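Before any comments, here is the structure.
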Amino acid sequence: MTSSAMANALLLPILACTLLAATVSTAAAGNFNNDIDITWGNGRAKVLNKGQLLTLSLDRASGSGFQSKSEYLFGKIDMQLKLVPGNSAGTVTAYYLSSQGPTHDEIDFEFLGNLSGDPYTLHTNVFTQGKGNREMQFKLWFDPTKDFHTYSVIWNPQQIIFMVDGTPIRVFRNLETKGVAFPKSQAMRIYSSLWNADDWATRGGLIKTDWKNAPFIASYRSFNADACVWVAGRSRCPAARKMGGGGAGTWMDYQMDVTNQKRMLWVQSNYMIYNYCADRKRFPQGLPTECTVN
């Protein structure tokens with residue numbers, strides 16, 4: 001057995017346990033009737049099952065979207081999604097946090113659809129003071145259309161951690177001392193949308209949306225924001241509570257332990273397909289500072 005295969009064999013059971021823990025931990029989540037506003041789509045977004053399920057729909061005429069009622073400044077945000085099944089080429093399901101304005105901050109999950117049988121691309125990005133260009137892309141180690149999976153962000157003053165079913169896949173650290181801006185002063189809402197982006201989403205726009213498969217539907221449940229809520233210009237934080245899984249302390253001072261660092265390395269070694277920090281052709285004058293420090 002190669003060292004890579006051995007590492008995969010050791011980590012797959014851990015990932016399976018993490019998935020179970022993630023499913024259990026979101027059982028007492030919020031209610032979409034209380035937590036979100038449908039913002040566009042002319043009836044294509046629906047809240048169902050007494051606020052426990054939300055669906056977004058896309059057809060040739062329009063997509064749809066929603067946003068959180070609250071704004072947040074630091075927190076742990078969880079959402080379970082089941083993505084558009086079958087031939088989803090050309091579609092994008094976006095789930096992200098963002099402030100407003102030309103110097104906005106943003107933390108992105110975007111799921112780029114593909115032909116039937118081909119994996120989705122998970123596209124992540126971080127904007128600080130209006131500047132993005134920090135893309136990392138992954139193929140997932142499961143079919144995200146068959147069941148719900150939990151996509152989380154831990155955002156505290158030290159770092160931003162992207163997680164899938166409790167497994168960290170990416171970290172953006174606070175390196176302000178090195179001159180790198182970090183989101184820490186602009187409250188953000190949660191946004192999600194399902195829309196047509198067949199000019200770029202699938203194989204650089206080569207594969208177009210097949211409208212015979214419309215309507216395309218993405219489903220959401222178990223939204224939970226254990227976060228500091230921005231109210232009247234002030235941040236109101238929940239009482240401290242311990243986080244499940246690896247690491248120490250609450251999300252506000254969370255640090256990954258060795259086990260979670262190995263999980264993230266496993267994902268990045270086996271499922272990362274693009275890393276801006278490795279793209280020297282894109283940055284001929286030198287990689288961004290956070291890439292060289294990390």
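The values are calculated or read from the model by the stated rules, or taken from the named source; none is laboratory data. A quick note: this is a predicted structure, and the numbers were derived from the prediction, not measured. Reconstructed Cβ throughout: ideal geometry from the backbone, glycine too, with neighbour counts over all protein chains shown. The accessibility values were calculated without ligands, DNA or RNA, using every heavy atom of the protein model including side chains. Shrake-Rupley method; radii C 1.70, N 1.55, O 1.52, S 1.80 Å.
Counting only residues that are surrounded by fewer than 12 Cβ atoms within 10 Å (Cβ to Cβ) and closer than 19 Å to ASN125 by Cβ, how many does the stretch 282-291 have?
Adding up the residues that qualify gives 1.
Within the stretch 82-135, how many residues turn out to be open to solvent by less than 10 Å² (accessible area, probe 1.4 Å), over 20 Å from ARG173 (Cα atoms) and of a type outside the set (A, V, I, L, M)?
7
Just to be sure I understand the filter: pairs with C-beta atoms under 9 Å, separated by 6 or more residues or on different chains, first member in the stretch 51-73 and surrounded by fewer than 18 Cβ atoms within 10 Å (Cβ to Cβ), second member among the hydroxyl-bearing types (Ser, Thr, Tyr) and outside any strand (DSSP E or B). Which pairs pass?
If the second residue must be among the hydroxyl-bearing types (Ser, Thr, Tyr) and outside any strand (DSSP E or B), the pairs left are ARG60/THR209.
On the basis of being farther than 27 Å from TYR72 by Cβ, at pLDDT below 95 and loosely packed, with under 12 Cβ neighbours inside 10 Å, does LEU10 make the cut?
The answer is yes for LEU10.
Could you tell me which of the residues LYS76, LYS82, LYS50 is among the basic types (Lys, Arg), touching a Pro at 6+ places or on another chain (Cβ under 8 Å) and over 15 Å from TYR191 (Cβ atoms)? Walk me through it before giving the result.
Details: LYS76 fails: touching a Pro at 6+ places or on another chain (Cβ under 8 Å); LYS50 fails: touching a Pro at 6+ places or on another chain (Cβ under 8 Å).
Only one candidate qualifies: LYS82.
What pairs can you find where one residue is in the stretch 259-270 and aliphatic (A, V, I, L, M), the other is open to solvent by 30 Å² or more (accessible area, probe 1.4 Å), and their Cβ atoms are less than 8 Å apart, with a gap of 6+ or different chains?
If the second residue must be open to solvent by 30 Å² or more (accessible area, probe 1.4 Å), the pairs left are VAL267/TRP141.
Within the bounds of the stretch 252-266, is there any residue that is surrounded by 13 or more Cβ atoms within 10 Å (Cβ to Cβ), modelled with pLDDT of 90 or more, of a type in the set (Val, Ile, Thr) and not in a strand (DSSP E or B)?
The answer is yes, given that some residue of the stretch 252-266 is surrounded by 13 or more Cβ atoms within 10 Å (Cβ to Cβ), modelled with pLDDT of 90 or more, of a type in the set (Val, Ile, Thr) and not in a strand (DSSP E or B).
Name, by its number, the condition in (1) among the aliphatic types (A, V, I, L, M); (2) open to solvent by 40 Å² or more (accessible area, probe 1.4 Å); (3) modelled with pLDDT of 90 or more; (4) within 30 Å of THR177 (Cα to Cα) that does not hold for ALA239.
Going through (1) among the aliphatic types (A, V, I, L, M); (2) open to solvent by 40 Å² or more (accessible area, probe 1.4 Å); (3) modelled with pLDDT of 90 or more; (4) within 30 Å of THR177 (Cα to Cα) one by one, ALA239 breaks only (3).
Tell me yes or no: at least one residue of the stretch 80-90 is farther than 25 Å from ARG203 by Cα and of a type outside the set (Asp, Glu).
yes
Quick one: would you say ALA61 is in contact with a Gly (Cβ under 7 Å, 6 or more places away or on another chain) and over 30 Å from ALA232 (Cβ atoms)?
no
Does the stretch 24-44 hold any residues that are polar (S, T, N, Q) and modelled with pLDDT of 60 or more, and which are they? Explain how you work it out, then say what you get.
Of all residues in the stretch 24-44, those polar (S, T, N, Q) come to 25-26, 31, 33-34, 39, 42.
If the condition is that a residue be polar (S, T, N, Q) and modelled with pLDDT of 60 or more, then ASN31, ASN33, ASN34, THR39, ASN42 are the ones that fit.
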